[in-house]
Amino acid sequence: PHEARAFAPARIHTHHHQQLVTSQRQRQRHTNAKVLAKSTKRTTRLHAVDNEPPPPPSINFQQIRRLCFNQALVGYSIWTGGQGARVLSSEAHFDIPYVYLIGILGVLPLILLSRQIETSESPIVANLNLSTNMLVLRLFGAKQLPIVGFGISALLAGLTGIVEETIFRGEALPGLASWSKVTLGAGENGIFIGAILSTMLFAILHVNPKSFISGKEAIVDAGVLFGLQLCTGGTFCLLYLVTRDLAVPIVAHTLYDLYTFYGTHLEVSSQLEYADAQAILPQGTTTTIESKWRKERGDEFIESTKQCFYLMDTNRDGVLTRSELRVGMYSFGIRLSEVESERVTQGADIDESGAIDFDEFLEFVGPEGSTSKAIKGSLLGAEL
């Protein structure tokens, strides 16, 4: 996702996004407390340990205003009656009802793709998912705001959809098509060459070029992001070519970004609230194992370990599956293979139920005092 460009789809789409990937990669090398830094009630204290500012507890209006200003700047010709305004006026027909139906149907495959990425345990998309969550957390804060969050998400998504589709589909595509006809002698195929080139341009401009000189991991992230932008940009382009109505990709793009921002906000804030609630349960619910480790390591260790556990418990059934543990470990900078995650799960699963409950998790991390150290020790077969 950006300071001078739109948010682009696929839950991973701006220059801010690339900056967050880098900062996230650095944060991933920290200890358990760093993962827990998303909490609203304990965020300040946990970040103080690492000497880093906590994410904002509420909506970051300054950053939202900056993003809106950047959108307005990029699409200045739209608002000033220039070429962008003429293209939008002549090519987009929002008064025709079918454009909304086609836009909705057209965006569904992208939303399904996005869901697959969000729920994937593949390490290839780990940094992208984490940085997207951090971006939305920094924009909206940790508290769930259904009405205000929807309004702001709709504003950002609408601006992005109008600006990007006007520029890439309304202006760049026909311009590149004309260029290919004149320069390459493409003839009737010019429109297809223009579509391919404008889609590639769309994808390229949503990838930070510095990623390609920042190491292997950054190159992989940039490559995945580029591929996803080709999918999203290609979908919007196809919708435009089929309907020849710029309103259709604008509607699809807006809905996709709305899903990205608002859906992520609801998901992340809800998970944080769940983890917070579980972390501060009254001591009347304390088990014998929890009492043992509370006495040995203190209340703060139990509280942060609970929060870590329940942040990873994404289906909120009170236990961690192998898949949840593997995905959660990405936040520690630990990339377990499927075999390794199975080995760690078996090592922590005392009752051999196939999942890890909190008491088992506490017994697993308690001796080391750190989830990352416990897992590394389990894999190496030695105490770190």
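The values are calculated or read from the model by the stated rules, or taken from the named source; none is laboratory data. Note that the structure is predicted; figures quoted are calculated from it, not measured. No Cβ is skipped: glycine too gets one built from the backbone with ideal geometry, and neighbour counts run over all protein chains shown. Accessible surface is based on the protein model in full, side chains and every heavy atom, while ligands, DNA and RNA are left aside. Shrake-Rupley method; radii C 1.70, N 1.55, O 1.52, S 1.80 Å.
Here are some notes:
- Once you reduce region 144-168 and region 60-125 to the center of their Cα atoms, the two points are 7 Å from each other.
- Region 78-186 - accessible surface per residue (Å², probe 1.4 Å): 45 Å²
- Whether region 202-249 is rounded, prolate or oblate, judged on the alpha carbon gyration tensor where a/c under 1.5 counts as rounded: prolate
- Fraction of accessible area attributable to carbon and sulfur, region 293-343 (%, probe 1.4 Å): 45 percent
- Straight-line reach from residue 181: taking Cα to Cα under 17 Å and skipping same-chain neighbours fewer than 8 places apart, the aspartates and glutamates in range are 171.
- Protection proxy ranking of 132-139, 187-194, 103-110, by the mean of other Cβ atoms within 10 Å over each peptide's residues and highest first, is 132-139, 103-110, 187-194.
- Within the accessible area of region 93-239 (1.4 Å probe), percent carbon and sulfur: 75 percent
- Cβ-Cβ FRET estimate between residue 212 and residue 295, R0 fixed at 51 Å, reported to 0.05: 0.50
- Heavy-atom accessible area per residue - region 281-367, 1.4 Å, Å²: 47 Å²
- Whether region 312-384 is rounded, prolate or oblate, judged on the alpha carbon gyration tensor where a/c under 1.5 counts as rounded: rounded
- Prolate/oblate/rounded label for region 137-227 (Cα gyration tensor, a/c 1.5): oblate
- Environment charge of residue 103, counting only residues whose C-beta is closer than 11 Å and scoring Lys/Arg +1, Asp/Glu -1: -2
- Of 143/376; 306/376; 210/376, those spanning more than 27 Å from alpha-carbon to alpha-carbon: 143/376; 210/376
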